[in-house]
Amino acid sequence: MWKKLPLIWKILIGMVLGVGWGLLAVFTGLENFTYDWIQPWGTIFLNLLKLIAVPLIFISLVKGISSLTNITRLSRMGIKTVSIYLVTTVFAVAVGLVLVNIIQPGNTFPEEKKLAYQEQFGGSITEKQLLAEQKKEESPLQFLVDIVPENVLAAATDNASMLQVIFFAILFGLALVTLPHKKVEVVKDLFSGLNDVILKIVDMIMLTAPYGVFALMAALIVDFSGDIDLFAALGLYALTVIIGLFFMILLFYPSLVRLITGIPYGKFLRGILPAQLVAFSTSSSAATLPVTKEQVENELGVSEEVSSFVLPIGVTINMDGTSCYQAVAAVFIAQVFGVELSLSAQLTIVLTATLASIGSPGIPGGSIVMLIIVLSSVGLPVEGLALILGIDRPLDMLRTVVNITGDSFVSSLVAKSEGELVFPPPEPAPDPGSEIL
Ligand code: ASP
(Lines give C-alpha, C1' and ligand atoms only; values in the text may rest on other atoms or scores of the structure.)
Protein backbone atom coordinates (compact mmCIF):
# COMPACT_ATOMS: atom_id res chain seq x y z
CA MET A 1 0.00 0.00 0.00
CA TRP A 2 2.73 2.50 1.05
CA LYS A 3 4.78 1.44 -2.00
CA LYS A 4 1.92 2.15 -4.40
CA LEU A 5 1.09 5.57 -2.91
CA PRO A 6 2.17 8.50 -5.16
CA LEU A 7 5.23 10.30 -3.79
CA ILE A 8 3.33 13.54 -3.22
CA TRP A 9 1.05 11.78 -0.71
CA LYS A 10 3.99 10.18 0.98
CA ILE A 11 5.61 13.60 1.44
CA LEU A 12 2.39 15.06 2.82
CA ILE A 13 2.01 12.18 5.25
CA GLY A 14 5.65 12.60 6.28
CA MET A 15 5.03 16.27 6.94
CA VAL A 16 1.92 15.71 9.05
CA LEU A 17 3.53 12.88 11.03
CA GLY A 18 6.61 15.07 11.55
CA VAL A 19 4.50 17.85 13.06
CA GLY A 20 2.69 15.24 15.16
CA TRP A 21 5.94 13.79 16.42
CA GLY A 22 7.33 17.27 17.17
CA LEU A 23 4.31 18.11 19.33
CA LEU A 24 4.48 14.76 21.07
CA ALA A 25 8.19 15.29 21.76
CA VAL A 26 7.55 18.74 23.25
CA PHE A 27 4.85 17.43 25.57
CA THR A 28 6.62 14.25 26.62
CA GLY A 29 10.13 15.66 27.01
CA LEU A 30 11.54 13.83 23.99
CA GLU A 31 13.25 16.94 22.63
CA ASN A 32 16.76 15.57 23.02
CA PHE A 33 15.79 12.24 21.52
CA THR A 34 14.42 14.17 18.52
CA TYR A 35 17.62 16.20 18.16
CA ASP A 36 19.84 13.13 18.53
CA TRP A 37 17.99 10.51 16.54
CA ILE A 38 15.53 12.21 14.20
CA GLN A 39 16.94 15.57 13.17
CA PRO A 40 20.09 14.02 11.57
CA TRP A 41 17.90 12.26 8.98
CA GLY A 42 16.50 15.62 7.99
CA THR A 43 19.99 17.02 7.67
CA ILE A 44 21.01 14.05 5.54
CA PHE A 45 18.06 14.63 3.22
CA LEU A 46 18.93 18.32 2.97
CA ASN A 47 22.55 17.49 2.24
CA LEU A 48 21.53 15.02 -0.46
CA LEU A 49 19.57 17.75 -2.19
CA LYS A 50 22.34 20.28 -1.78
CA LEU A 51 25.05 17.98 -3.02
CA ILE A 52 23.29 17.56 -6.32
CA ALA A 53 22.52 21.28 -6.78
CA VAL A 54 25.82 22.46 -8.30
CA PRO A 55 26.30 19.53 -10.71
CA LEU A 56 22.64 19.78 -11.70
CA ILE A 57 22.84 23.49 -12.43
CA PHE A 58 26.08 23.19 -14.35
CA ILE A 59 25.20 20.12 -16.38
CA SER A 60 21.61 21.00 -17.14
CA LEU A 61 22.51 24.54 -18.13
CA VAL A 62 25.36 23.45 -20.42
CA LYS A 63 23.13 20.78 -21.93
CA GLY A 64 20.25 23.25 -22.26
CA ILE A 65 22.35 25.87 -24.00
CA SER A 66 24.28 23.49 -26.20
CA SER A 67 21.10 21.88 -27.45
CA LEU A 68 19.96 25.26 -28.73
CA THR A 69 21.24 25.33 -32.25
CA ASN A 70 20.75 28.97 -32.74
CA ILE A 71 22.35 31.76 -30.87
CA THR A 72 19.65 34.34 -31.65
CA ARG A 73 17.13 32.09 -29.98
CA LEU A 74 19.37 31.77 -26.96
CA SER A 75 19.70 35.49 -26.43
CA ARG A 76 15.98 36.01 -27.08
CA MET A 77 15.16 33.47 -24.40
CA GLY A 78 17.67 35.06 -22.05
CA ILE A 79 16.21 38.53 -22.41
CA LYS A 80 12.67 37.22 -22.04
CA THR A 81 13.51 35.20 -18.94
CA VAL A 82 15.34 37.97 -17.12
CA SER A 83 12.70 40.60 -18.01
CA ILE A 84 9.79 38.49 -16.77
CA TYR A 85 11.75 37.67 -13.61
CA LEU A 86 12.29 41.36 -12.96
CA VAL A 87 8.66 42.29 -13.53
CA THR A 88 7.35 39.60 -11.18
CA THR A 89 9.88 40.56 -8.51
CA VAL A 90 8.91 44.24 -8.61
CA PHE A 91 5.24 43.24 -8.51
CA ALA A 92 5.87 41.11 -5.43
CA VAL A 93 7.56 44.04 -3.66
CA ALA A 94 4.58 46.22 -4.50
CA VAL A 95 2.20 43.61 -3.05
CA GLY A 96 4.24 43.58 0.15
CA LEU A 97 4.27 47.38 0.38
CA VAL A 98 0.55 47.76 -0.17
CA LEU A 99 -0.26 45.12 2.46
CA VAL A 100 2.09 46.42 5.12
CA ASN A 101 0.84 49.96 4.65
CA ILE A 102 -2.77 48.86 5.00
CA ILE A 103 -2.34 46.42 7.89
CA GLN A 104 0.37 48.41 9.68
CA PRO A 105 1.55 45.54 11.88
CA GLY A 106 4.36 47.61 13.43
CA ASN A 107 2.00 50.16 14.90
CA THR A 108 0.34 47.58 17.14
CA PHE A 109 3.61 46.44 18.66
CA PRO A 110 3.60 46.84 22.47
CA GLU A 111 6.20 49.29 23.72
CA GLU A 112 7.76 47.01 26.40
CA LYS A 113 8.03 44.07 24.01
CA LYS A 114 9.75 46.29 21.49
CA LEU A 115 12.46 47.26 23.97
CA ALA A 116 12.80 43.75 25.33
CA TYR A 117 13.32 42.25 21.90
CA GLN A 118 15.81 44.91 20.92
CA GLU A 119 17.81 44.00 23.99
CA GLN A 120 17.34 40.27 23.55
CA PHE A 121 18.55 40.19 20.00
CA GLY A 122 20.79 43.22 19.89
CA GLY A 123 23.93 41.10 20.25
CA SER A 124 23.06 38.45 17.73
CA ILE A 125 23.27 40.72 14.74
CA THR A 126 26.63 42.31 15.23
CA GLU A 127 28.22 39.98 12.69
CA LYS A 128 25.49 40.78 10.20
CA GLN A 129 25.92 44.46 10.87
CA LEU A 130 29.59 44.16 10.04
CA LEU A 131 28.72 42.50 6.77
CA ALA A 132 26.31 45.31 6.01
CA GLU A 133 28.96 47.92 6.65
CA GLN A 134 31.23 46.06 4.28
CA LYS A 135 28.52 45.93 1.65
CA LYS A 136 27.84 49.64 1.96
CA GLU A 137 31.45 50.47 1.20
CA GLU A 138 31.51 48.36 -1.94
CA SER A 139 31.30 49.92 -5.40
CA PRO A 140 27.83 49.91 -6.96
CA LEU A 141 29.22 47.58 -9.59
CA GLN A 142 30.31 45.03 -7.01
CA PHE A 143 27.37 42.77 -7.88
CA LEU A 144 28.79 42.44 -11.42
CA VAL A 145 32.25 41.68 -10.07
CA ASP A 146 30.72 39.02 -7.83
CA ILE A 147 29.20 37.20 -10.79
CA VAL A 148 32.57 36.47 -12.38
CA PRO A 149 34.50 33.86 -10.39
CA GLU A 150 38.26 34.06 -10.21
CA ASN A 151 38.37 30.33 -9.70
CA VAL A 152 35.56 28.22 -11.04
CA LEU A 153 36.41 25.21 -8.89
CA ALA A 154 36.25 27.34 -5.76
CA ALA A 155 32.87 28.71 -6.87
CA ALA A 156 31.61 25.17 -7.40
CA THR A 157 32.39 24.27 -3.80
CA ASP A 158 30.08 26.94 -2.39
CA ASN A 159 26.32 26.61 -2.83
CA ALA A 160 26.01 30.35 -2.22
CA SER A 161 28.05 31.07 -5.38
CA MET A 162 25.55 29.58 -7.80
CA LEU A 163 25.53 32.73 -9.91
CA GLN A 164 29.25 32.22 -10.58
CA VAL A 165 28.67 28.62 -11.58
CA ILE A 166 25.88 29.75 -13.87
CA PHE A 167 28.18 32.32 -15.44
CA PHE A 168 30.76 29.65 -16.24
CA ALA A 169 28.08 27.24 -17.48
CA ILE A 170 26.76 29.91 -19.86
CA LEU A 171 30.28 30.60 -21.18
CA PHE A 172 30.87 26.87 -21.59
CA GLY A 173 27.51 26.36 -23.29
CA LEU A 174 28.07 29.32 -25.62
CA ALA A 175 31.46 27.94 -26.66
CA LEU A 176 29.83 24.58 -27.38
CA VAL A 177 27.13 26.16 -29.58
CA THR A 178 29.54 28.30 -31.53
CA LEU A 179 32.10 25.60 -32.33
CA PRO A 180 31.48 23.33 -35.35
CA HIS A 181 29.29 20.39 -34.31
CA LYS A 182 31.82 17.75 -35.44
CA LYS A 183 34.49 19.10 -33.11
CA VAL A 184 32.37 19.07 -29.96
CA GLU A 185 30.01 16.21 -30.69
CA VAL A 186 31.53 13.98 -28.05
CA VAL A 187 31.40 16.72 -25.39
CA LYS A 188 27.71 17.28 -26.13
CA ASP A 189 27.03 13.55 -25.91
CA LEU A 190 28.92 13.40 -22.63
CA PHE A 191 26.79 16.18 -21.14
CA SER A 192 23.64 14.55 -22.38
CA GLY A 193 24.63 11.30 -20.64
CA LEU A 194 25.67 13.13 -17.48
CA ASN A 195 22.32 14.87 -17.44
CA ASP A 196 20.53 11.51 -17.43
CA VAL A 197 22.74 10.30 -14.59
CA ILE A 198 21.98 13.39 -12.50
CA LEU A 199 18.24 13.07 -13.10
CA LYS A 200 18.40 9.44 -12.01
CA ILE A 201 20.19 10.51 -8.82
CA VAL A 202 17.43 13.07 -8.21
CA ASP A 203 14.84 10.31 -8.57
CA MET A 204 16.72 8.23 -6.06
CA ILE A 205 17.03 11.10 -3.58
CA MET A 206 13.34 11.87 -3.86
CA LEU A 207 12.51 8.37 -2.68
CA THR A 208 13.84 9.46 0.72
CA ALA A 209 11.85 12.72 0.72
CA PRO A 210 8.94 11.56 2.95
CA TYR A 211 11.36 10.50 5.68
CA GLY A 212 13.54 13.60 5.32
CA VAL A 213 10.52 15.86 5.47
CA PHE A 214 9.25 14.01 8.56
CA ALA A 215 12.56 14.61 10.35
CA LEU A 216 12.81 18.27 9.30
CA MET A 217 9.30 19.06 10.48
CA ALA A 218 9.72 17.23 13.78
CA ALA A 219 12.91 19.14 14.59
CA LEU A 220 11.33 22.43 13.58
CA ILE A 221 8.42 22.02 15.99
CA VAL A 222 10.82 21.15 18.81
CA ASP A 223 12.95 24.22 17.93
CA PHE A 224 9.99 26.51 18.25
CA SER A 225 8.48 25.14 21.42
CA GLY A 226 10.26 27.61 23.71
CA ASP A 227 9.48 30.65 21.66
CA ILE A 228 5.70 30.78 21.74
CA ASP A 229 5.62 34.31 23.19
CA LEU A 230 7.73 35.77 20.48
CA PHE A 231 5.67 33.88 17.96
CA ALA A 232 2.44 35.46 19.21
CA ALA A 233 3.78 39.00 19.51
CA LEU A 234 4.91 39.06 15.92
CA GLY A 235 1.77 37.40 14.67
CA LEU A 236 0.42 40.36 12.76
CA TYR A 237 3.71 40.96 10.99
CA ALA A 238 3.83 37.28 10.07
CA LEU A 239 0.22 37.39 8.94
CA THR A 240 0.97 40.33 6.64
CA VAL A 241 3.83 38.43 5.01
CA ILE A 242 1.70 35.29 4.80
CA ILE A 243 -1.22 37.09 3.12
CA GLY A 244 1.18 38.51 0.53
CA LEU A 245 2.80 35.14 -0.11
CA PHE A 246 -0.52 33.30 -0.38
CA PHE A 247 -1.79 35.96 -2.74
CA MET A 248 1.15 35.21 -5.02
CA ILE A 249 0.80 31.43 -4.76
CA LEU A 250 -2.96 31.08 -4.98
CA LEU A 251 -4.03 34.03 -7.11
CA PHE A 252 -1.30 35.78 -9.01
CA TYR A 253 0.63 32.89 -10.60
CA PRO A 254 -2.15 30.38 -11.27
CA SER A 255 -4.54 32.92 -12.77
CA LEU A 256 -1.87 34.42 -15.00
CA VAL A 257 -0.74 30.96 -16.05
CA ARG A 258 -4.33 30.12 -16.92
CA LEU A 259 -4.68 33.33 -18.90
CA ILE A 260 -1.40 33.14 -20.78
CA THR A 261 -0.69 29.44 -21.23
CA GLY A 262 -4.11 27.86 -20.81
CA ILE A 263 -2.89 25.51 -18.07
CA PRO A 264 -5.88 25.19 -15.71
CA TYR A 265 -5.55 26.73 -12.25
CA GLY A 266 -5.75 23.42 -10.36
CA LYS A 267 -3.45 21.58 -12.76
CA PHE A 268 -0.74 24.19 -12.29
CA LEU A 269 -0.88 24.07 -8.51
CA ARG A 270 -1.28 20.30 -8.36
CA GLY A 271 1.62 19.87 -10.81
CA ILE A 272 4.13 21.79 -8.74
CA LEU A 273 2.83 20.77 -5.31
CA PRO A 274 5.62 18.21 -4.68
CA ALA A 275 8.22 20.91 -5.38
CA GLN A 276 6.35 23.32 -3.10
CA LEU A 277 6.35 20.76 -0.31
CA VAL A 278 10.07 20.17 -0.66
CA ALA A 279 10.68 23.94 -0.77
CA PHE A 280 8.58 24.33 2.38
CA SER A 281 10.47 21.70 4.30
CA THR A 282 13.97 22.59 3.11
CA SER A 283 13.66 26.43 2.96
CA SER A 284 16.01 26.30 0.03
CA SER A 285 15.02 26.97 -3.55
CA ALA A 286 18.44 25.78 -4.72
CA ALA A 287 17.98 22.45 -2.98
CA THR A 288 14.49 22.17 -4.46
CA LEU A 289 15.67 22.80 -8.03
CA PRO A 290 15.83 19.11 -9.05
CA VAL A 291 12.21 18.58 -8.01
CA THR A 292 11.01 21.85 -9.54
CA LYS A 293 12.62 20.88 -12.82
CA GLU A 294 11.09 17.43 -12.87
CA GLN A 295 7.63 18.77 -12.01
CA VAL A 296 7.48 21.53 -14.62
CA GLU A 297 8.66 19.10 -17.28
CA ASN A 298 6.47 16.15 -16.35
CA GLU A 299 3.35 17.92 -15.11
CA LEU A 300 3.25 21.29 -16.86
CA GLY A 301 4.74 20.12 -20.15
CA VAL A 302 7.63 22.61 -20.24
CA SER A 303 10.35 21.32 -22.56
CA GLU A 304 13.64 20.26 -21.02
CA GLU A 305 15.37 22.83 -23.21
CA VAL A 306 13.45 25.67 -21.57
CA SER A 307 13.42 24.34 -18.02
CA SER A 308 17.18 23.69 -18.06
CA PHE A 309 17.75 27.29 -19.02
CA VAL A 310 15.08 29.19 -17.11
CA LEU A 311 15.00 27.37 -13.76
CA PRO A 312 18.67 27.45 -12.70
CA ILE A 313 18.73 31.18 -13.44
CA GLY A 314 15.47 31.64 -11.55
CA VAL A 315 16.77 29.84 -8.51
CA THR A 316 19.49 32.43 -8.17
CA ILE A 317 17.92 35.66 -9.35
CA ASN A 318 14.15 35.29 -9.10
CA MET A 319 12.87 35.38 -5.54
CA ASP A 320 9.41 36.90 -5.48
CA GLY A 321 8.62 35.54 -2.02
CA THR A 322 11.84 36.97 -0.67
CA SER A 323 11.35 40.40 -2.21
CA CYS A 324 7.73 40.58 -0.98
CA TYR A 325 8.82 39.70 2.55
CA GLN A 326 11.70 42.18 2.47
CA ALA A 327 9.32 45.01 1.68
CA VAL A 328 6.98 44.03 4.52
CA ALA A 329 9.87 43.55 6.95
CA ALA A 330 11.48 46.91 6.17
CA VAL A 331 8.28 48.90 6.59
CA PHE A 332 7.32 46.89 9.69
CA ILE A 333 10.66 47.77 11.27
CA ALA A 334 10.17 51.41 10.34
CA GLN A 335 6.73 51.36 12.00
CA VAL A 336 8.12 49.78 15.15
CA PHE A 337 10.89 52.37 15.38
CA GLY A 338 8.50 55.18 14.60
CA VAL A 339 10.23 56.15 11.35
CA GLU A 340 7.91 57.77 8.81
CA LEU A 341 8.70 56.45 5.31
CA SER A 342 8.06 58.92 2.49
CA LEU A 343 6.91 57.81 -0.96
CA SER A 344 10.44 58.13 -2.28
CA ALA A 345 11.72 56.00 0.60
CA GLN A 346 9.15 53.35 -0.32
CA LEU A 347 10.26 53.53 -3.94
CA THR A 348 13.82 53.04 -2.76
CA ILE A 349 12.59 49.90 -1.02
CA VAL A 350 11.17 48.68 -4.34
CA LEU A 351 14.58 49.08 -5.93
CA THR A 352 16.71 47.70 -3.10
CA ALA A 353 14.37 44.81 -2.26
CA THR A 354 14.45 43.82 -5.93
CA LEU A 355 18.24 43.93 -6.02
CA ALA A 356 18.56 42.26 -2.62
CA SER A 357 16.32 39.38 -3.65
CA ILE A 358 18.37 38.94 -6.82
CA GLY A 359 21.49 38.77 -4.70
CA SER A 360 20.07 36.41 -2.06
CA PRO A 361 21.30 32.85 -2.31
CA GLY A 362 18.60 30.18 -2.47
CA ILE A 363 19.50 28.73 0.89
CA PRO A 364 17.74 28.79 4.27
CA GLY A 365 17.76 32.32 5.62
CA GLY A 366 19.69 33.42 2.54
CA SER A 367 18.03 36.81 2.40
CA ILE A 368 18.56 37.86 6.01
CA VAL A 369 21.91 39.50 5.35
CA MET A 370 20.53 41.09 2.21
CA LEU A 371 17.70 42.65 4.18
CA ILE A 372 20.32 44.80 5.87
CA ILE A 373 20.92 46.52 2.53
CA VAL A 374 17.23 47.35 2.24
CA LEU A 375 17.13 48.71 5.78
CA SER A 376 20.27 50.81 5.38
CA SER A 377 19.09 52.23 2.06
CA VAL A 378 16.21 54.03 3.78
CA GLY A 379 18.12 54.85 6.95
CA LEU A 380 16.46 52.27 9.18
CA PRO A 381 18.33 50.89 12.18
CA VAL A 382 19.82 47.51 11.40
CA GLU A 383 18.93 46.47 14.96
CA GLY A 384 15.38 46.14 13.66
CA LEU A 385 16.42 42.86 12.18
CA ALA A 386 16.56 41.44 15.68
CA LEU A 387 12.82 41.88 15.96
CA ILE A 388 11.99 39.60 13.11
CA LEU A 389 14.76 37.01 13.39
CA GLY A 390 12.79 34.90 15.86
CA ILE A 391 9.93 34.37 13.49
CA ASP A 392 11.92 34.16 10.31
CA ARG A 393 12.08 30.38 9.99
CA PRO A 394 8.43 29.64 9.13
CA LEU A 395 8.28 32.70 6.89
CA ASP A 396 11.44 31.55 5.13
CA MET A 397 9.72 28.22 4.46
CA LEU A 398 6.75 29.90 2.88
CA ARG A 399 8.68 32.48 0.87
CA THR A 400 10.79 29.66 -0.56
CA VAL A 401 7.54 28.09 -1.81
CA VAL A 402 6.73 31.38 -3.55
CA ASN A 403 10.24 31.59 -4.97
CA ILE A 404 10.02 28.23 -6.69
CA THR A 405 6.41 28.78 -7.75
CA GLY A 406 7.54 32.00 -9.44
CA ASP A 407 10.30 30.14 -11.25
CA SER A 408 7.88 27.47 -12.43
CA PHE A 409 5.44 30.16 -13.56
CA VAL A 410 8.07 31.95 -15.63
CA SER A 411 9.32 28.69 -17.13
CA SER A 412 5.84 27.93 -18.43
CA LEU A 413 5.48 31.45 -19.84
CA VAL A 414 8.82 31.31 -21.64
CA ALA A 415 8.04 27.80 -22.88
CA LYS A 416 4.68 28.96 -24.22
CA SER A 417 6.21 31.90 -26.06
CA GLU A 418 8.89 29.67 -27.56
CA GLY A 419 6.40 27.03 -28.70
CA GLU A 420 7.99 24.65 -26.19
CA LEU A 421 4.97 23.97 -24.00
CA VAL A 422 3.04 20.77 -24.54
CA PHE A 423 0.08 20.70 -22.18
CA PRO A 424 -1.19 18.24 -21.14
CA PRO A 425 2.22 16.58 -21.26
CA PRO A 426 2.49 13.15 -22.89
CA GLU A 427 2.60 10.15 -20.53
CA PRO A 428 6.23 9.43 -19.63
CA ALA A 429 7.59 6.19 -21.05
CA PRO A 430 7.51 3.45 -18.41
CA ASP A 431 10.88 3.03 -16.70
CA PRO A 432 10.84 0.04 -14.39
CA GLY A 433 13.58 1.32 -12.12
CA SER A 434 12.20 4.76 -11.43
CA GLU A 435 9.53 6.36 -9.32
CA ILE A 436 7.17 8.74 -11.09
CA LEU A 437 6.36 11.78 -9.00
N1 ASP B 1 15.29 30.53 1.65
C2 ASP B 1 15.00 31.31 0.48
C3 ASP B 1 15.20 30.46 -0.74
O4 ASP B 1 15.95 29.54 -0.75
C5 ASP B 1 15.84 32.54 0.40
C6 ASP B 1 15.43 33.50 1.48
O7 ASP B 1 14.46 34.25 1.26
O8 ASP B 1 16.06 33.51 2.54
O9 ASP B 1 14.59 30.71 -1.74
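Computed values, structure above
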| quantity | calculated |
| --- | --- |
| Value of D in µm² per second that Stokes-Einstein yields for segment 37-113, Kirkwood Rh from Cα pairs, at 20 °C (1.002 mPa s) | 123 |
| Among the listed pairs 3/188; 200/267; 10/50; 10/80; 50/267; 182/267, those beyond 32 Å (Cα-Cα) | 3/188; 10/80; 182/267 |
| Highest-fluctuation residue, 70, 195, 101 considered, GNM on the chain with Cα pairs under 10 Å | 70 |
| Tail beyond 18 Å, pair distance distribution of segment 235-319 (Cα, percent) | 49 |
| With 10 Å bins from 0: P(r) over segment 318-378, alpha-carbon pairs, percent | 26, 57, 17, 1 |
| Rounded FRET efficiency, nearest 0.05, which uses the C-beta distance separating residue 13 from residue 83 and R0 of 30 Å | 0.15 |
| Dipole magnitude of the chain about its Cα centre (Cβ charges: Lys, Arg +1; Asp, Glu -1), debye to nearest 20 | 1060 |
| Cβ-Cβ FRET estimate between residue 157 and residue 35, R0 fixed at 25 Å, reported to 0.05 | 0.35 |
| Portion, in percent, of the accessible area of the chain that falls on carbon or sulfur, probe 1.4 Å | 68 |
| Selected from 263, 44, 242 as most flexible by GNM, with the chain as the system and alpha-carbon contacts under 10 Å | 44 |
| Whole-number D in µm²/s for segment 1-53 (Stokes-Einstein; Kirkwood sum over Cα pairs; 25 °C, 0.890 mPa s) | 194 |
| Stokes-Einstein D in µm²/s, Kirkwood radius over Cα pairs - the chain at 10 °C with 1.306 mPa s viscosity | 71 |
| Selection from 245, 262, 352, by position along the positive dipole direction of segment 202-358 (Cβ) | 262 |
| Among 421, 97, 24, residue whose mean-square fluctuation peaks in a GNM of the chain (springs only between Cα atoms under 10 Å) | 24 |
| Rg and Dmax of segment 181-333, Cα atoms only, in Å | 18.9, 66 |
| Neighbour cut-off at most 14 other Cβ (10 Å), DSSP loop, trypsin sites (Lys or Arg not before Pro), segment 1-95 | 3, 4 |
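The values are calculated or read from the model by the stated rules, or taken from the named source; none is laboratory data. Note that the structure is a prediction, hence the values are computed from the model and not measured. Positions of Cβ are backbone-derived with ideal geometry, glycine not excepted, and every protein chain shown enters the neighbour counts. Keep in mind that these areas ignore ligands, DNA and RNA; they rest on the heavy atoms of the full protein, side chains included. Shrake-Rupley method; radii C 1.70, N 1.55, O 1.52, S 1.80 Å.
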